[in-house]
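The values are calculated or read from the model by the stated rules, or taken from the named source; none is laboratory data. Quantities reported herein were computed from a predicted structural model and do not represent experimental measurements. Here Cβ is always computed from backbone atoms with ideal geometry, including for glycine, and neighbour counts include all displayed protein chains.
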Amino acid sequence: MSFGIKFKSLILSLIGLPIICFGQKNIEKVLPDFEYSDYYSHLEFMTKPYTLINQTLYLPKISDTIGRNFFVGEIAKPEKGDFNNIEYYQLKRMSPERLAKMEKEWFVVAGYITDKVAYDKIYYADEYKQDFKLLRYDFLKLVVGLSKDTVFYKYDGFWNRYNFPFIPMSYYNANKNEYPKNKHSNSDLSLASYDGNSNYAYIPKNLVGEKLYLPVITEVTYERLFNGTRLYNYDDDSRKYSFASMPEGKSKLLQGRTFTVADWVHDAEGLTDVYLKLIVPGARDTIYYKYPIATQRHEFPFVIESYLKNTKEKFMYQEFVYRGDKYKMTVIDTKRKTPITINRGDVFQCIDFLVKDGKFQMLMRNKKGRKFYVAADYELGDRLSFERSMIEANKVLKYRDTYTTHYKAILQKELIPTMTIDMAKMSWNKPEREVFTNFDGSNRHWFYFGNIYVIYKNNILYRVAMIPNDLRL
């Protein structure tokens, strides 16, 4: 094969790589802790026409590169002989003065349009037997949130995510709860919903109507409990309140109580701070809880009753295998109050899921009928996981007799060559980053801890390597 053909193949592979990445399955809702820098895996809307229509977009920052993509204009007359009934626009780049006003602005996507030059694309579509009207148009038609003006954004370089500087609110609501500092933000935070799959809601307003149980109060909880007074002298936002710290003596009385979330409100001094308005059923007392953002979710002390119910139904009567580290686990028999030693590979069954000692715990029963508790890896508001010490039996026991070496490696949290992708995922969980490639016969690279990468060939683990110090980010 000549050098020219090889070079063309490489270019085609690089161009196709992001398209493959866009097809990846979204991160599960129960584990959505990832940052805005990783949102490329959720750019499905960039490859499908019209999926952004009526979405709200937020633009946090303007740069020279982004500025070149903003246009203004009006509908243009069709070219002579054009009878396709396609609406064209005559566009020109936005002036620097007007461009500066686009930073930290809200936009609503009114539609997709083409400029006059796009007439030539009709012939491209005919040649490749495609419907022109179903192709991705190169410009977003945006209605500016404050002025209601219409502007246009060119995003034909969509495969480069840095050419799309907006944050779609559908993404923002699903993965953040720190609101942009904008007085109009309240009306836009309505796209995500709490589904009972996590003991934390990324958008606190979606907890309205839910019941919250407070098992234990810690020092961190004291700092988030307030008395509040509604302020009526604001015409831009009726949810503004003034808050005062709740006395510690009153806070202590709240332990063990169940509350109903009546509303969500803002601090008048900072719109980015959101509070839950909590009431005790049957009582007139109202308290306000300062809601933690996603990076602080481990500080959330409540148990959302609908989540507890859903999770109990999921775990009840499931079997688990103890994996642990190199040391055995010692638990206490609930009836005899004597210690029980759990060895790696032991199998037991969950017979209850509850809150005990301020943590989610599973009540287990082994094959001898002895019962004991196993606590979750994280605090109440954090991601629920028992993976440090246990793994679901229905996932791993099928390998015990047929792939004994791999089975032992999974229990010891090790990676070995010839593992399948499912085996590796059970051993080390999902990677921090995944790259699809065809370099040197490999088809996937998984990255962990910033400097370890796992190479797969034909979806079988080939080897584990370290990134050299001088090449690490």
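Applying the criterion of being part of a loop (DSSP other than H, G, I, E, B), surrounded by 15 or more Cβ atoms within 10 Å (Cβ to Cβ) and not small (Gly, Ala, Ser) to the residues of region 268-298, the residue that is modelled with the lowest pLDDT is 293. Restricting the search to region 312-368, which residues are surrounded by fewer than 17 Cβ atoms within 10 Å (Cβ to Cβ), hydrophobic (A, V, I, L, M, F, W, C) and in contact (Cβ under 8 Å) with a residue 60 or more places away in the chain? Within region 312-368, 355 is the sole residue that qualifies.
Set side by side, the residues 103, 97 differ, and just one is at pLDDT 55 or above, on the phi < 0 side of the Ramachandran plot and part of a helix (DSSP H, G or I), which is 97. The residues of region 443-458 that are of a type in the set (Phe, Trp, Tyr) and part of a strand (DSSP E or B), listed by number, are 446, 447, 448, 453, 456.
Results for (1) modelled with pLDDT of 85 or more; (2) under 30 Å from residue 215 (Cβ atoms), shown as yes or no for each residue.
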position	(1), (2)
392	yes, yes
408	yes, no
439	no, no
443	no, no
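The set of residues in region 246-256 that are polar (S, T, N, Q) and under 32 Å from the mean Cα position of the chain (by Cα) contains only 255.
Which residues, taken from region 416-427, are within 16 Å of residue 465 (Cα to Cα) and either of a type outside the set (Ser, Thr, Tyr) or part of a helix (DSSP H, G or I) (or both)? Selection gives 416, 417, 419, 424. Residue 423 passes every criterion in (1) among the hydrophobic types (A, V, I, L, M, F, W, C); (2) modelled with pLDDT of 90 or more; (3) more than 25 Å from the chain's Cα centre (by Cα) apart from (3).
Against the conditions (1) outside the structural domain of residue 342 (by TED's automatic domain parsing); (2) over 22 Å from residue 319 (Cβ atoms); (3) not aromatic (Phe, Trp, Tyr), residue 423 satisfies every one except (2).
Look at (1) at positive phi; (2) modelled with pLDDT of 85 or more; (3) part of a helix (DSSP H, G or I) and you find that residue 413 fails only one, number (3).
I want to confirm something. Restricting to region 219-233 and keeping residues that are in a loop (DSSP other than H, G, I, E, B) and surrounded by 13 or more Cβ atoms within 10 Å (Cβ to Cβ), which single residue is modelled with the lowest pLDDT? Across region 219-233, the extreme among qualifying residues is 231. Which one of the conditions (1) surrounded by 14 or more Cβ atoms within 10 Å (Cβ to Cβ); (2) without any contact (Cβ under 8 Å) to a residue 24 or more places away in the chain does residue 301 fail to meet, given that it meets all the rest? Result: residue 301 fails condition (2) only.
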